[in-house]
Amino acid sequence: MSSKRIPVPSKADSEQAARAFGSTVGEVWKAASGLTLPLPALSEVQSEYLKQATELWNQSLQRLQAPAAANDAKPSAALTDRRFVAQEWASNPSSAYLAQMYLLNARTLLQMAEQLEGDEKTKQRIRFAVQQWIEAASPSNYLALNPEAQRRALETRGESISLGLRRLWDDIQQGHVSQTDESVFEVGRNVATTEGSVVFENELFQLIEYTPLTAKVYETPMLFVPPCINKYYILDLQPENSFIRYTVSQGHRLFVMSWRNADDNMAQVTWDEYIQDAAIRAIGVVKDITGAPKVNTLGFCIGGTILATALAVLAARGEKPAASMTLLTTLLDFSDTGVLDLFIDEAMVQVREMTLGPNSPSGGGLLKGHELASTFSFLRPNDLVWNYVVGNYLKGETPPPFDLLYWNSDSTNLPGPMFVWYLRNTYLENKLIEPGRLSVCGEAVDLGAIGAPAYVYASREDHIVPWQGAYRSTQALKGKTRFMLGASGHIAGVINPPAKNKRSHWIAGNGAVPGDPTQWFAKAKEQPGSWWTDWAAWLQGHAGKQIAAPKSLGNRKYKAIEPAPGRYVKQKA
């Protein structure tokens, strides 16, 4: 890895950055102050609110006058929200009224947020903030207002409260809300168990080669570049849902990068180093070990962005090592970034640059993994935050073991300079998609120069990488491209093994990828089950002939260092 480090900025540089930041904050405030709520819309919302509030009050009075009937009541239509479906909410008139009024207030606030007129991005931020406040204010989140938690406390003679306080203290110490029983899982013991060996490592990553599961393998090896904001073993949770094991079982000689969890020694690592010393180095090592002239490649999420950038850098140097490129829920064109766009503007990026970037007082810092994990969790606050606050702390329950949520809580740090470069040049300014606009590793980046055939996968309900945004990669890549749309979200859509026969996928029969994603979807056909089999068939066409599987992993130059999954994946943030 390069030892070059950017020097600490001068006082003048810091003052200039501060002035620019102040100017940007002023623009944000101007946009916020320009929002208006039209009087006719406000009057309509107020009128409807008073009408429904009066109806709820009258219904509550009727229940108080007929307590026997009320005690046997089942949840009304207004209490079908899963937070209030327990019988304790319906059988207690005051609790039922409280829940119904909360839901009415929530609907009204969201209606008011929807009626705002002004800058669209500011409106979206207001709606997001209102939604966060609404979810946090739910009476189910508070012991004094939650009859279900109160009944459990009585039944256990206070033991549930004692357990809840203990779990709260444990979570404070570990820095995140427990979403699963983490004591059940251990990396290398019951997750990430596919057999293999680490055959190369440097300061940024370990390279794992997996033991063949077939007598013959395809002559063109396969390299996976997983996201560096998560651990790679999302692709290898259990044998029955492991995308890694599935790929090996299809006869591919597979190598997977396992990113190092950044520590203080990596606080000044840049995006260029992730490209040159990680992705490009991994491609070279795979070629050296196998002797193959080309490599099939796959990138997942930001791993796909890193992979495509690396291949574009190599193309600028006259090298085209990819026999194919698969992109899973990856953005190359950042014009549509979905809900994440709410968090990113010039002011936010400048704050990050001033605190974590190469021009910060320390010359770099670490973006803590817990911060990233919290951000993603609050994109779905009911499912990934408040659900566990109620269960863990108010009821004293142990969340059930779930390998996916264990992986989700196993967060990773990122080097600040690398992170802020990524934020500014992709999410904020969307430069990667413009040929020659960016220089990476001293080369002008042109994604169209990659030239390799590509398989682009997106998930239809993905809230992190909207499928329409992922689809736009088909327009940036000039090689023959196949687009696949899977059901479900960012992770569940990808991890969908054929044996489960779950969900569905969409594919265009003629393979065309028009400029408008809605045109593609209009002609696509929905197919039941997993998309993995379609990908496996496509990949086979780029894998070459079959040869005898190697009897050992690595080679004389790159000897096995340790068994998979290796040390790096076990490092905690």
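The values are calculated or read from the model by the stated rules, or taken from the named source; none is laboratory data. These numbers were taken from a predicted model, which means no experiment stands behind them. Cβ placement follows ideal geometry from the backbone for every residue including glycine, while neighbour counts extend to all protein chains displayed. When the accessible area is computed, the model is the full protein with side chains, heavy atoms only, and any ligands, DNA or RNA have been set aside. Shrake-Rupley method; radii C 1.70, N 1.55, O 1.52, S 1.80 Å.
Is the stretch 526-545 home to any residue that is open to solvent by 80 Å² or more (accessible area, probe 1.4 Å), out of contact with any Gly (no Cβ under 7 Å at 6 or more places or on another chain), more than 21 Å from residue 238 (Cα to Cα) and in a helix (DSSP H, G or I)?
Kept after step one, since they are open to solvent by 80 Å² or more (accessible area, probe 1.4 Å), are these residues of the stretch 526-545: 526, 528, 540, 545.
In the following step, the residues that additionally are out of contact with any Gly (no Cβ under 7 Å at 6 or more places or on another chain) were identified as 526, 528, 540, 545.
Next, from what is left, pick out any that are more than 21 Å from residue 238 (Cα to Cα): 526, 528, 540, 545.
Imposing the further condition that a residue be in a helix (DSSP H, G or I) reduces the set to 540.
Yes: one or more hits.
Okay, residues lined up against (1) under 30 Å from residue 296 (Cα atoms); (2) out of contact with any Cys (no Cβ under 6 Å at 6 or more places or on another chain); (3) part of a helix (DSSP H, G or I):
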| residue | (1), (2), (3) |
| --- | --- |
| 326 | yes, yes, no |
| 335 | yes, yes, no |
| 355 | no, yes, yes |
| 364 | no, yes, no |
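Candidates 207, 168, 154, 213: the one that is out of contact with any Leu (no Cβ under 9 Å at 6 or more places or on another chain), closer than 30 Å to residue 552 by Cα and among the aliphatic types (A, V, I, L, M) is 213. Just the residues that are open to solvent by less than 10 Å² (accessible area, probe 1.4 Å) and not in a helix (DSSP H, G or I), please, taken from the stretch 298-319. Of everything in the stretch 298-319, those that are open to solvent by less than 10 Å² (accessible area, probe 1.4 Å) and not in a helix (DSSP H, G or I) turn out to be 298, 299, 300. Residue selection: residue 372 fails the criterion of being closer than 26 Å to residue 307 by Cα and at pLDDT 95 or above.
In the stretch 416-431, is there at least one residue being buried (at least 19 other Cβ atoms within 10 Å of the Cβ) and outside any helix (DSSP H, G or I)? There is no residue in the stretch 416-431 that is buried (at least 19 other Cβ atoms within 10 Å of the Cβ) and outside any helix (DSSP H, G or I).
With the requirement that a residue be open to solvent by 50 Å² or more (accessible area, probe 1.4 Å), in contact (Cβ under 8 Å) with a residue 12 or more places away in the chain and of a type outside the set (A, V, I, L, M), what does the stretch 354-373 give you? Let's see the steps before the verdict.
Going through the stretch 354-373, the residues open to solvent by 50 Å² or more (accessible area, probe 1.4 Å) turn out to be 354-355, 359, 361-362, 368, 370-371.
Next cut, in contact (Cβ under 8 Å) with a residue 12 or more places away in the chain only: 354-355, 359, 361-362, 368, 370.
Passing the criteria: 355, 359, 361, 362, 368, 370.
If you filter the stretch 200-234 down to residues that are in contact with a Phe, Trp or Tyr (Cβ under 8 Å, 6 or more places away or on another chain) and open to solvent by 10 Å² or more (accessible area, probe 1.4 Å), you find that the one that is nearest to residue 309 (Cα to Cα) is 230. Is at least one residue of the stretch 254-263 under 26 Å from residue 427 (Cα atoms), out of contact with any Asp or Glu (no Cβ under 8 Å at 6 or more places or on another chain), among the aliphatic types (A, V, I, L, M) and in contact (Cβ under 8 Å) with a residue 24 or more places away in the chain? Checked the stretch 254-263: at least one residue is under 26 Å from residue 427 (Cα atoms), out of contact with any Asp or Glu (no Cβ under 8 Å at 6 or more places or on another chain), among the aliphatic types (A, V, I, L, M) and in contact (Cβ under 8 Å) with a residue 24 or more places away in the chain. Within this structure, residue 477 passes the test of being touching a helix residue (DSSP H, G or I) at 6+ places or on another chain (Cβ under 8 Å) and crowded, with 20+ Cβ neighbours inside 10 Å. May I ask you to say which residue of 448, 436 is farther than 16 Å from residue 336 by Cβ and touching an Asp or Glu at 6+ places or on another chain (Cβ under 8 Å)? Only one candidate passes the filter, namely 436. Only residues that are within 20 Å of residue 86 (Cβ to Cβ), among the acidic types (Asp, Glu) and open to solvent by 30 Å² or more (accessible area, probe 1.4 Å) were counted in the stretch 125-184, giving 3.
Applying a threshold of 7 Å to beta carbon distances and a minimum spacing of six or more residues, or different chains, the list of pairs starting in the stretch 268-285 at a residue that is without any contact (Cβ under 8 Å) to a residue 60 or more places away in the chain and ending at one that is buried (at least 22 other Cβ atoms within 10 Å of the Cβ) and outside any helix (DSSP H, G or I) reads 279/225. Quick one: in the stretch 499-511, of everything that is open to solvent by less than 60 Å² (accessible area, probe 1.4 Å) and hydrophobic (A, V, I, L, M, F, W, C), which residue is nearest to residue 237 (Cα to Cα)? The selected residue is 506. Restricting attention to the stretch 337-353, the residues being part of a loop (DSSP other than H, G, I, E, B) and either within 24 Å of residue 460 (Cβ to Cβ) or without any contact (Cβ under 8 Å) to a residue 24 or more places away in the chain (or both) number 2. Residues of the stretch 512-525 that are open to solvent by 30 Å² or more (accessible area, probe 1.4 Å) and touching a strand residue (DSSP E or B) at 6+ places or on another chain (Cβ under 6 Å): 513, 523. When the stretch 202-255 is filtered for residues that are in a strand (DSSP E or B) and charged (D, E, K, R), the ones remaining, listed by number, are 209, 216. The single condition from (1) part of a helix (DSSP H, G or I); (2) in contact (Cβ under 8 Å) with a residue 12 or more places away in the chain; (3) aliphatic (A, V, I, L, M) that residue 494 fails is (1).
Is it the case that the stretch 483-498 has a residue that's over 20 Å from the mean Cα position of the chain (by Cα), modelled with pLDDT under 95 and within 28 Å of residue 239 (Cβ to Cβ)? Show your work before the answer.
Applying the first criterion (over 20 Å from the mean Cα position of the chain (by Cα)) to the stretch 483-498 yields 483, 498.
This time we only want the ones that are modelled with pLDDT under 95, so: none.
Checking the stretch 483-498: not a single residue is over 20 Å from the mean Cα position of the chain (by Cα), modelled with pLDDT under 95 and within 28 Å of residue 239 (Cβ to Cβ).
Does the stretch 448-456 contain at least one residue that is assigned to a strand (DSSP E or B) and under 29 Å from residue 270 (Cβ atoms)? Before the answer, list the steps.
First, the residues of the stretch 448-456 that are assigned to a strand (DSSP E or B): 454-456.
Pick out the ones that are also under 29 Å from residue 270 (Cβ atoms) and you get 454, 456.
Yes.
Out of 258, 197, which single residue is in a strand (DSSP E or B) and surrounded by fewer than 23 Cβ atoms within 10 Å (Cβ to Cβ)?
Details: 258 fails: surrounded by fewer than 23 Cβ atoms within 10 Å (Cβ to Cβ).
The match here is 197.
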